[in-house]
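Below: the structure, in structure tokens.
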Amino acid sequence: MSLFSWWKKPTNLGLVLDIGTEFVKALIFEAKDDKAQIIGSGRIRQQLGQMQGGMVRDIKGVIQTSEKAIEEAEKEAQASADKAIIGIAGELIKGATTNVHYTRLDPEKEITFKELAKIIRRVQEEAFNQAREMLAEETGYSSVEVKLVNSAIVVVKIDGYKVNNPIGFKGKEVMVGVFNAFAPLVHLGALQTIADELGLDILSIAVEPYSVARAFVEEGDFSAIFIDIGGGTTDVAVVRKGGVEGTKMFALGGRAFTNRLAQELSLSFTEAEKVKLKYSAGNLSKDLREKVKIALARDVEVWSEGLNLALEEFTEGELLPSRIYLCGGGSLLPEIKEILSKGEWRKGLPFAREPKVEFSSLKNVASVIDKTAKLSAPEDITPASLASLSLELIGEESVLDEVLNQAVKALRT
């Protein structure tokens, strides 16, 4: 239980808990005027062995670290919140948009709520089966228990025309695209245990690359690639024409670079981490800077190859977006932006033109206001995007959301 739990908990306050491999980050935010106003933040480093590749390895240790981060945020906010949105990442999180084309028997008849629900249930069943097959193949277990984490309708078209609400329209061909993210039940169970021990009421468990992409999406045909380099994983999300097409994660992040420096420079992990941070900030001597650059060269190249493979899954007859946004602490390594500015890494990938690479910033997230004036680093984007996503969860439910939620409930039962 939080030391500050005696503070009052206004109903418009919420908590973001970003349980990363390297840090636990907590934010207290106030939902006001359709904005998430950040009024308190906490950031505590994880102990080695507590997390690996975005997955919880030591529940008790993660609980203790999370509690400290929450207390730090509550102290600054002078308030507490027990309704939480928790971020989830890791290479076993599977997110993709499933498109289903449905031919109506009577094109002159108006589409009803019941008919739309039937189409979406079909989409969800297909997506669930695909996720189970993918996880079974990757883990080697034929009966992996999976659970739906995030679900959102990306696009609805009637005879090729995009509509926001298809009910009442006539037409023959209906296409519905739904983004779904699934995770192994054991991973979600660990997060639920952590939330229970912290006395939190989970508003949602959200896939982090999905939340980052959603926070940045603008009106219209916005398209971009989002790359979040955390401590244990690199999370990738692709957005096309305003809809999140899918997410992909691979187990190579900042901690791998630190381990390489520790090995090559004969340092402890803690010492190597300090050297890496100084290197990223440009605060090393010329000689040591050159040694670090040489030590990291091969690992950064391997990282770029992993990115190439991740993006390859989004290229079926489609050009990749030419805007790339970086976030996460690992993105600060100079070699990351340097290698992305060269052409070799994207060999075989169908970009229409040379990609423009830039760092993510809170200025791109219009729905979040940082009252603490402390969230300026690339690693702050992910927790801030989770706060942005929470506004959607507590907002008024649309007809499409209602239909989708019914389909999700049917799938879970």
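The values are calculated or read from the model by the stated rules, or taken from the named source; none is laboratory data. Keep in mind that this is a model prediction, so the values were computed, not measured. Note that we place each Cβ from the backbone using ideal geometry, even for glycine, and neighbour counts take in every protein chain shown.
Taking the options Glu316, Glu305, name whichever one is part of a loop (DSSP other than H, G, I, E, B), closer than 30 Å to Lys241 by Cα and not basic (Lys, Arg). Give the derivation first.
Details: Glu305 fails: part of a loop (DSSP other than H, G, I, E, B).
Just a single option satisfies the conditions, and that option is Glu316.
Of the residues making up region 63-102, those that are within 30 Å of Val174 (Cα to Cα) and buried (at least 20 other Cβ atoms within 10 Å of the Cβ) are Ile93, Lys94, Gly95, Ala96, Thr97, Thr98. Farther than 16 Å from Ile120 by Cα, in a strand (DSSP E or B) and either not polar (S, T, N, Q) or not assigned by TED's automatic domain parsing to the domain that holds Ile119 (or both): which single residue out of Phe182, Phe169 fits that description? Of the residues listed, the single one that is farther than 16 Å from Ile120 by Cα, in a strand (DSSP E or B) and either not polar (S, T, N, Q) or not assigned by TED's automatic domain parsing to the domain that holds Ile119 (or both) is Phe182.
Tell me, yes or no, whether region 335-356 has at least one residue that is outside any helix (DSSP H, G or I), within 29 Å of Asn283 (Cβ to Cβ), out of contact with any Pro (no Cβ under 8 Å at 6 or more places or on another chain) and free of Cβ contacts under 8 Å to residues at least 24 places away in the same chain. Scanning region 335-356 turns up at least one residue that is outside any helix (DSSP H, G or I), within 29 Å of Asn283 (Cβ to Cβ), out of contact with any Pro (no Cβ under 8 Å at 6 or more places or on another chain) and free of Cβ contacts under 8 Å to residues at least 24 places away in the same chain. Looking only at region 223-253, which residues are assigned to a loop (DSSP other than H, G, I, E, B) and modelled with pLDDT under 85? The answer is Lys241, Gly242. Does Ala183 fit the bill of being within 30 Å of Ile381 (Cα to Cα), over 18 Å from the mean Cα position of the chain (by Cα) and either crowded, with 21+ Cβ neighbours inside 10 Å or among the small types (Gly, Ala, Ser) (or both)? So Ala183 fails the test.
Is it the case that some residue within region 152-168 is in contact (Cβ under 8 Å) with a residue 12 or more places away in the chain and closer than 30 Å to Leu13 by Cβ? Within region 152-168, one or more residues are in contact (Cβ under 8 Å) with a residue 12 or more places away in the chain and closer than 30 Å to Leu13 by Cβ.
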